[in-house]
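Inspection log for the structure reproduced underneath, given as structure tokens.
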């Protein structure tokens, strides 16, 4: 009896042993998809659609034997990364993503220009026709080690050996793209307008060395940094003696250095109006063209003192000339008496001397005169009394 039980258990074990799939416990594909009853080892290769997996077969992958990728019978163990089957001859210098350059149709790379355009250094102009090893020194070993992409990384020898002009002694920037491009290395241009000092007017035609006397490094952009000698040598008028400011652009432009203009209205706090427009600059700027007072009396004090009709100084007229005068006509004067005493009230619209009986002092006035306010009341009050009660001149 015991022997019979062992036989039965052995039979069950054998059945279970053969019932287990050699492709793994979680293999779900029906056996008849690949196998036949005639011969278990004969595989129906074309009957399995590999496209139903996460690795469709295309190109040369369709022609290779299954066991070349599936080393054991558990198909899930096969890796889908190229490097799992193909030796990386580039030694990981290009990363693990082989299909960036290669295809399943052919291992040979035919579109290197297009591939390079997807990198951080697209091949443009003359670069497109160069042999790879000229830049990638390790390319002969099939290695493409990462390299810098600045022009000078490849063209430093060109930079150092150039003599017309000498890039080294001229302190040229090593940013070659400022003057050169990929189309033609020999033809160079420089867009000065891309700097903080655009070239305009006569500056456009100047030789670079006219300003860059000590190399092509950053230089001051003020006019006087180049034109100080011209400033000092100018005698008509003498800029240095006249204390002209060294901000040349105030009067000059890059279009024509000899033709100068100065906009007094916008460049100063004293716009020129009326008769001021036509007078010579030195009429006011007697001691140079530095800042000067803008009050009228600072220029017209001599006129104030010499005036006798009426005598401004003797009459103690204020020196605020603009109270009576304008720049349109100096000799014609007006005075707004209403601001002090409204002479339009009553019969006060009389000559100045009627009230201002002292021609040497117009600060003094008299209400009680031979022709005005002659009653005893008026005489007793005096001028001060009249003004205190009748400040506007009304009765």
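If only residues of region 47-58 that are within 60 Å of the chain's Cα centre (by Cα) and surrounded by 11 or more Cβ atoms within 10 Å (Cβ to Cβ) are counted, the one that is farthest from residue 28 (Cα to Cα) is 58.
Could you tell me whether residue 314 is more than 30 Å from residue 238 (Cα to Cα), out of contact with any helix residue (DSSP H, G or I) (no Cβ under 7 Å at 6 or more places or on another chain) and touching a residue at least 40 places away in the same chain (Cβ under 8 Å)? Spelling it out, residue 314 is indeed more than 30 Å from residue 238 (Cα to Cα), out of contact with any helix residue (DSSP H, G or I) (no Cβ under 7 Å at 6 or more places or on another chain) and touching a residue at least 40 places away in the same chain (Cβ under 8 Å).
Looking across 259, 246, one residue alone is loosely packed, with under 14 Cβ neighbours inside 10 Å and farther than 23 Å from residue 299 by Cα. It is 259. Restricting attention to region 235-261, the residues that are within 21 Å of residue 292 (Cβ to Cβ), in a loop (DSSP other than H, G, I, E, B) and more than 30 Å from the chain's Cα centre (by Cα) total 9. Screening the candidates 72, 97, 88, 131 for the property of being over 42 Å from the mean Cα position of the chain (by Cα), without any contact (Cβ under 8 Å) to a residue 24 or more places away in the chain and farther than 30 Å from residue 28 by Cα yields one hit, 88. Scanning region 168-226 for residues that are assigned to a helix (DSSP H, G or I) and over 24 Å from residue 254 (Cβ atoms), we see that the one that is farthest from the chain's Cα centre (by Cα) is 176.
Filtered by the rule that a residue be touching a helix residue (DSSP H, G or I) at 6+ places or on another chain (Cβ under 7 Å) and either over 25 Å from residue 318 (Cα atoms) or in a loop (DSSP other than H, G, I, E, B) (or both), region 373-395 gives 373, 378. Mind checking whether some residue in region 337-344 is in contact (Cβ under 8 Å) with a residue 12 or more places away in the chain, farther than 19 Å from residue 310 by Cβ and not assigned by TED's automatic domain parsing to the domain that holds residue 274? Yes, region 337-344 contains a residue that is in contact (Cβ under 8 Å) with a residue 12 or more places away in the chain, farther than 19 Å from residue 310 by Cβ and not assigned by TED's automatic domain parsing to the domain that holds residue 274. Consider region 322-356. How many of its residues are part of a loop (DSSP other than H, G, I, E, B), more than 56 Å from the chain's Cα centre (by Cα) and surrounded by 14 or more Cβ atoms within 10 Å (Cβ to Cβ)? Of the residues in region 322-356, 6 are part of a loop (DSSP other than H, G, I, E, B), more than 56 Å from the chain's Cα centre (by Cα) and surrounded by 14 or more Cβ atoms within 10 Å (Cβ to Cβ).
Considering (1) modelled with pLDDT of 90 or more; (2) farther than 23 Å from residue 122 by Cα; (3) surrounded by 14 or more Cβ atoms within 10 Å (Cβ to Cβ), the lone condition that residue 158 does not fulfil carries the number (2).
The values are calculated or read from the model by the stated rules, or taken from the named source; none is laboratory data. None of these values were measured; they are calculated from a predicted model. Heads up, the Cβs are rebuilt from the backbone with ideal geometry, glycines too, and the neighbour counts pull from every protein chain shown.
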